[in-house]
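Novice: Have a look at the structure that comes next, please.
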Amino acid sequence: MSRVCVVEGDGVGREVVPAAVSVLDAVADFEYVRAEAGDAVAERTGTPLPDETYDAVAAADATLFGAAGETAADVILPLREAVGSFVNVRPARAYPGVDALRPETDVVFLRENTEGVYAGHEDRLSADLSTLTRVTTTSASERLAEYACDYVGEGGRFHVAHKANVMRETDGRFRDAVVRIADARGVETEEVLMDAFATRLPLEPGAFDVVVCPNLAGDVLSDLAAGLVGGLGLLPSANVGPDNALFEPVHGTAPDIAGEGVANPAAAILSAAMLLEHLGYDDEGAAVRSAVESVLAEGPHTPDVGGDASTDEVAAAVVARL
Ligand code: GGG
């Protein structure tokens, strides 16, 4: 039996993760290991990511994570490292039944997950000066490119978003490595400057299927896509490594609604569907995704997508369709 670590984290993570687990329970038997991380555990123990949590995540077959608030940098980045993830997969698609600014949107971001400006090299050099070192390696860029080629398959194509005309060394290295691997694998690439992409995606969302990005660009551009499809409550994600993976909604703790029981559980439940597929439960993952689509089409809906249902009511409606 697969062992799944469950880390709710803070804010609405404590509401949407139990909702997603109720859906997992309806389709599969897992051995669950519960672990804590985030602001609340930091306040209580002095550390946002206890060693036991890191170890439990590293030892599990997969992890379902919620959200981290003020301590995000001390929680999310090490947890992604604990599973050895090198890519963050973020599908953003519009669903029938949900008001979307651009209903044609159906794009998957493959975000480099270990370096860029998220590598953690920030320094305060004086009262006036802070610096940040941006890290790009050929090896991490090539690894991401190999994943992207597997993802689209031979003969497929993807966009590479970068800003190599300004960050010539770092994004130049990233772009060159990704394009070189894609060429060698028979995969077509189209380069797009990341600022131009931010303009083009809302104007012509149908032009993009799979977009390979450096770390921060993938974070920001996928949130932009969330705005086109109806909000962050709809975007799941998978942090994938060679032998382990961590699944989390793209949204954060949503302090404005945390504790009210009205957070949209769709992103967390769709993350659970990705977890199921990762563990080989393909039929169950597909069933969960189709149950979420049916609930988004017919309701009930949480307030972010125009309804007045609670998190638990939406999760129960998903379970009822399985
Ligand atoms: N559920 C993920 C979460 O807590 N997101 C908030 C956040 O700060 N994310 C930054 C990132 O995804 O790198």
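Novice: Roughly how many Å is it from the Cα centre of the stretch 33-90 to that of the stretch 237-301, as a whole number?
Specialist: One Cα centre to the other: 17 Å.
Novice: Which of the peptides 9-21, 115-127, 155-167 is most tightly packed, and how do the rest follow, judged by the mean count of other Cβ atoms within 10 Å per residue? Don't skip to the answer; put the middle values down first.
Specialist: Working: 9-21: 25.8, 115-127: 13.6, 155-167: 18.8.
Put in order of decreasing packing, that is 9-21, 155-167, 115-127.
Novice: So if each residue of separation counts as 0.36 nm, and I subtract the Cα-Cα distance between Tyr32 and Asp209, what length gain in nm does that give? Present the calculation step by step, with values, prior to reporting the outcome.
Specialist: On the way: separation 177, 0.36 × 177 = 63.72 nm, distance 3.45 nm.
That works out to 60.3 nm of additional length.
Novice: Still on this structure: How much mean residue ellipticity at 222 nm does the chain get from its helices, if each DSSP H run of length 4 or more adds -39500 (n - 2.57) and you divide by all residues, to the nearest 500 deg cm²/dmol?
Specialist: That comes out to -13500 deg cm²/dmol.
Novice: Take every Cα-Cα pair in the stretch 155-312 and report what % of them are more than 29 Å apart.
Specialist: 29 percent
Novice: When DSSP beta bridges are limited to those with both residues in the chain, what percentage is antiparallel, rounded to the nearest 5?
Specialist: Antiparallel bridges: around 40 percent, rounded to the nearest 5.
Novice: Before I look further, what does the stretch 5-65 give for accessible area per residue, probe 1.4 Å, in whole square angstrom?
Specialist: I get 40 Å² per residue for the stretch 5-65.
Novice: Going by average Cβ density within 10 Å per residue, which order do the peptides 92-102, 211-221 take, highest to lowest?
Specialist: 211-221, 92-102
Novice: If you build a Gaussian network model of the chain, linking Cα atoms that sit under 10 Å apart, which residue out of Leu270, Leu228, Leu246 swings the most?
Specialist: Looking only at Leu270, Leu228, Leu246, the largest GNM fluctuation is found for Leu228.
Novice: Then there is this: Work through the residues other than Ser290 whose Cβ is under 14 Å from its Cβ and net out their charges, Lys, Arg +1 and Asp, Glu -1.
Specialist: -3
Novice: Over the chain, what is the relative contact order in percent, taking alpha-carbon pairs closer than 8 angstrom and at least six residues apart?
Specialist: Across the chain, relative contact order equals 24 percent.
Novice: Still on this structure: Could you give the length gained on full extension between Asp99 and Glu298, defined as 0.36 nm per residue of separation minus the Cα-Cα distance, in nm?
Specialist: 70.4 nm
Novice: Per residue, how many Å² of accessible area does the stretch 122-185 show with a 1.4 Å probe?
Specialist: Values: 3690 Å² over 64 residues.
Per-residue value: 58 Å².
Novice: Can you give me the three principal axis dimensions of the chain from its C-alpha atoms, in Å, biggest first?
Specialist: Projected onto its principal axes, the Cα set of the chain covers 51, 45, 41 Å.
Novice: So how many Å³ per residue does the convex hull of the Cα atoms of the stretch 136-214 work out to?
Specialist: Normalising the Cα hull of the stretch 136-214 by residue number yields 72 Å³.
Novice: If I stretch the segment between Thr138 and Thr45 completely, what's the gain in nm (0.36 nm per residue apart, minus their alpha carbon distance), one decimal? Let's see the in-between values first.
Specialist: Details: separation 93, 0.36 × 93 = 33.48 nm, distance 3.91 nm.
Value of the extension gain: 29.6 nm.
Novice: Also, quick follow-up: For the stretch 149-290, with all protein chains present and a 1.4 Å probe, just round the carbon and sulfur fraction of the accessible area to a whole percent.
Specialist: 51 percent
Novice: If packing is taken as the average count of other Cβ atoms within 10 Å, what order do 275-288, 231-244 fall into, highest mean first? Intermediate values should be presented prior to the final figure.
Specialist: Details: 275-288: 18.7, 231-244: 20.9.
Packing order, densest peptide first, comes out as 231-244, 275-288.
Novice: On to the next question. I need the shape label for the stretch 28-162. Rule: rounded when a/c is under 1.5, else prolate if a/b > b/c, else oblate, with a, b, c from the alpha carbon gyration tensor.
Specialist: Verdict is oblate for the stretch 28-162.
The values are calculated or read from the model by the stated rules, or taken from the named source; none is laboratory data. Please read all numbers here as calculations on a predicted model, not as lab measurements. Quick reminder, even Gly has a Cβ in these numbers, built from the backbone with ideal geometry, and neighbours come from all protein chains shown. What goes into the accessible areas is simple: the full protein's heavy atoms, side chains included, and nothing from ligands, DNA or RNA. Shrake-Rupley method; radii C 1.70, N 1.55, O 1.52, S 1.80 Å.
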